[in-house]
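These notes are about the structure you will find just below.
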Amino acid sequence: MAPRPFRLGRARTGLGLFATRPIKKRRRIAEYKGPRLNVKDAEREEARGNRYLFEVNSRWTIDGKARSNIARYFNHACRPNSDSTIRGGRVFIYTLRNIKPGEELTFDYGTDYLKNVIGKSNCRCPTCRRRKAKRARELREARKRRELRLARAKKTARKAASKTTSKSVAKTRATKRKPTSR
């Protein structure tokens, strides 16, 4: 058996799979393995906190919590480099594009898992991290512009107040100096 083209390693989100050599597009790289559960058993496992359930169809779910299931280490990405395919009740992971050595292997978990388990704001895939960084940068720039605008407004208000104050002071001085006529 040929060695796997990937290794298990530390990723931003925990453990992940990383390519050890170039992997060609449309190549099957793993199978999601584990016992098949019916809907009732799958719901019970989910209630217990099992996060490695892969729904095959409306009747069956694969429980991939065993560490021997290497496919459980594929992390989520909103723009993945691999995808899952279901054939004959089995789940296979195929690459979507050529993958370079050192690149993390990812696939999209789906919107339900993203919303209910990960949370859209907690997604740590590169796309979402860049989006969040850009948003934070825009907010910082907007706050800076607002602070500059407020500082300029305060400065002009002080100038206007000092002009009116100096005019009124000059006016009161002029009225005090006027000789009174008797």
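FYI, it's all coordinate maths here, none of it is from the lab. Note that the structure is predicted; figures quoted are calculated from it, not measured. In this analysis, Cβ positions are derived from the backbone assuming ideal geometry, glycine residues included, and neighbour counts consider all displayed protein chains.
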Amide H of VAL91 versus every other amide H placed in the peptide plane: which residues, excluding those fewer than 5 positions away on the same chain, fall under 5 Å?
TYR32
How much net charge surrounds GLY89 when only other residues with a Cβ under 11 Å from its Cβ are counted (Lys, Arg +1; Asp, Glu -1)?
+4
Residue order, fewest to most beta carbons within 10 Å, for THR20, THR95, THR106:
THR20, THR95, THR106
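Around LEU17, under 12 Å between beta carbons, what's the net of Lys plus Arg minus Asp minus Glu among the other residues? If you can, show how the numbers build up before the last one.
Working: positive: ARG4, ARG7, ARG10, ARG72; negative: GLU103, GLU104.
Net charge in that neighbourhood comes out at +2.
Can you classify the range 5-148 as rounded, prolate or oblate using the Cα gyration tensor, where a ≥ b ≥ c are the square roots of its eigenvalues, rounded means a/c under 1.5, and otherwise it's prolate if a/b beats b/c and oblate if not? Can you show the working numbers first?
Values: a/c = 2.57, a/b = 1.51, b/c = 1.71.
Oblate.
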Which order results if VAL39, VAL56, VAL91 are arranged by neighbouring Cβ count within 10 Å, fewest first?
VAL39, VAL56, VAL91
In whole Hz, the Karplus estimates of ³J(HN,Hα) for the range 141-154 (6.51, -1.76, 1.60; θ = phi - 60°; x where Gly or Pro) are 5, 5, 5, 5, 4, 5, 5, 5, 4, 5, 5, 5, 5, 5
Would you pull out the residues with amide H under 5 Å of ASN75's amide H, same chain only if 5 or more places away, H placed 1.01 Å from N?
LEU17, PHE107
If amide H atoms are built 1.01 Å from N in the plane of the peptide, which residues on other chains or at least 5 residues away come under 5 Å of the amide H of ASN98?
LYS25
Quick one: check the C-alpha center-to-center distance for the range 64-100 versus the range 134-154, whole angstrom.
44 Å
For the table LYS25/LYS65; LYS24/LYS65; LYS24/LYS134; LYS132/LYS155; LYS134/LYS159, the rows whose alpha-carbon distance is greater than 30 Å are LYS24/LYS134; LYS132/LYS155; LYS134/LYS159
